[in-house]
Each structure stands twice: as structure tokens, then as C-alpha cells.
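As C-alpha cells, the structure follows; a few thoughts come after it.
Every read-out reported here was derived from the displayed coordinates using simple, explicitly stated rules and does not represent laboratory data. Keep in mind it's a predicted model, so treat the numbers as computed, not measured. All Cβ positions, even for glycine, are placed from backbone atoms using ideal geometry, and neighbour counts span all protein chains on display.
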Amino acid sequence: MAKKSVWAFGPVTDENVEQAIKYVAAGWYAVAAIQGVLLTILAFAGQVSPGDLVDPFAAALGGWFLSTRKSRALAVALFLYSLAILAVTVAARLGMSQGGTNIFLAIAVVYLGWLGIPATWFWQRRRCAEIRWLPVILIFLAAAIVGLVCIVSAGVVLNLLEGAGKPVPQPVQEFIYAAAMFFPPVFTMALSTMKWPFTEPDASCPWPRRTV
């Protein structure tokens, strides 16, 4: 019997779960590349905010962490992110906002985001992983605090520069705020979960622990 493609809706198995996660991660790399090209063109044309240029980095980092951590929380976050992309695309299509208008590409990204959920859920469940709620809560709280501090700090520095007669152009300010809101929390979570992972496997789990 032929194996069902991991790109189609259907059950994830021992044989295809790791390959499925690899494919989804590669898909997010492709999304990052497409976003990078399109958003750069649109930014120069003044059709999107420079802050949107953070999106390609989000997609690329999401793909990398998905392949290395196989996190269920990350898979859900990427799916929600893909829904946000679809919503923005629909709004742009209706003339309600700026941005790309390719509905088919947005739907493909949503499908990609969905694929990561059953794959990571299956992988973590079969390794008998248990969620460690204390690290989850503390790390999310730390990431939120770091993000807030970085955004406030960026605002203070930009205001000081403006007061000194050296104002930063508005598009650059938008990119700085977006970067401060995204990168510090992400790297805080990435570094923290290396020391205190969100899940802990059961040592008696019968499923072999294979890595991507």
C-alpha cells in the first residue's frame, strides 16, 4: 500500500513524522524567502511598513526552531501567524490595508502552518513528553518582560536622539520598534528553553528517540 504523502491531510505515522517536520520547516524557509523579496519591493514602493520586514525573519526562525525543537507550542504559534497572514491578505485585497494580495499564497501558508500541528503533536506524544508548566510560565513571563523593556528602551533612545536634533526617520523607527518587539523575546525563549525545556520525556517511553 502506498504511503500517504505528509503534504496531504491524513494520519502521521512513525515512518513519516520526522520527514513531515523537515518538510514543514523547509516550507517556512521558502515562505521567508518569498516574504523577504516581496516585502522589500513593497517597502521601497511605500506600500507596506518597514516594520513588516521582520516577518521573513519570523518565518525563517520559526522553521529552524520547528525542525530542532519540534515544539507543539511553536507549531500552534506558526499556525496562528499563518492565519494572521491570511487575514492581512484578505484585508489588502478588499482595500482595507496595505500588503500583498495573493490569496492563494496566503492559503498555502495556512496549510503549511496546519501541517506542523499534527506532526509535532504526534512526535511529542510518542516520546511520552510531559509539559513542565513552571518553565513554560516563567519563560513566557521573562520573554514578555524582555520585550517590554526593549520597546521602552528603544522609545527612550529615539526620543533622546530627536531631542538632540538628530531625529531618526519614521520608517526606520517602525523597523526598530518591530525588531525590539520580536527578536529579544524570541532569543530569550530560545536560550532559556535550551536550559529549561518545556517538555520532559518519559525515560520508560518505548518509542525510539530519533532526531531530525
ask   = Given H placed 1.01 Å from N in the peptide plane, which residues other than close sequence neighbours of THR199 have an amide H under 5 Å from its amide H?
value = ARG132
task = Mind giving me the nanometre distance, one decimal, between the label points for ILE131 and ASN102, set 7 Å out from Cα along Cα→Cβ?
result = 3.5 nm
request  = Could you pull out every residue, at least 5 positions away or on a different chain, whose amide H is within less than 5 Å of the one on GLN47? Hs are placed 1.01 Å off N in the peptide plane, and Pro or chain starts have none.
outcome  = none
note = The simple spin-label model distance between VAL168 and ALA30, using points 7 Å out along Cα→Cβ, in nm, is 3.6 nm
message = What three numbers, in Å, describe the spread of the alpha carbons of the chain along their principal axes, ordered from the longest?
response = 67, 39, 23
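Considering all projection directions equally, how large on average is the shadow of the alpha-carbon convex hull of region 7-127, in square nanometres? Don't skip to the answer; put the middle values down first.
On the way: hull surface 28.4 nm².
Hull-based average projected area comes out at 7.1 nm².
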task = Give, rounded to the nearest 20 debye, the magnitude of the charge dipole that the chain has about its Cα centre when Lys and Arg contribute +1 at Cβ and Asp and Glu contribute -1 at Cβ.
result = 600 debye
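Taking a ≥ b ≥ c as the square roots of the eigenvalues of the Cα gyration tensor of region 106-173, is the shape rounded (a/c under 1.5), prolate (a/b larger than b/c) or oblate?
Values: a/c = 7.53, a/b = 1.97, b/c = 3.82.
Oblate, because a/c is 1.5 or more while a/b does not exceed b/c.
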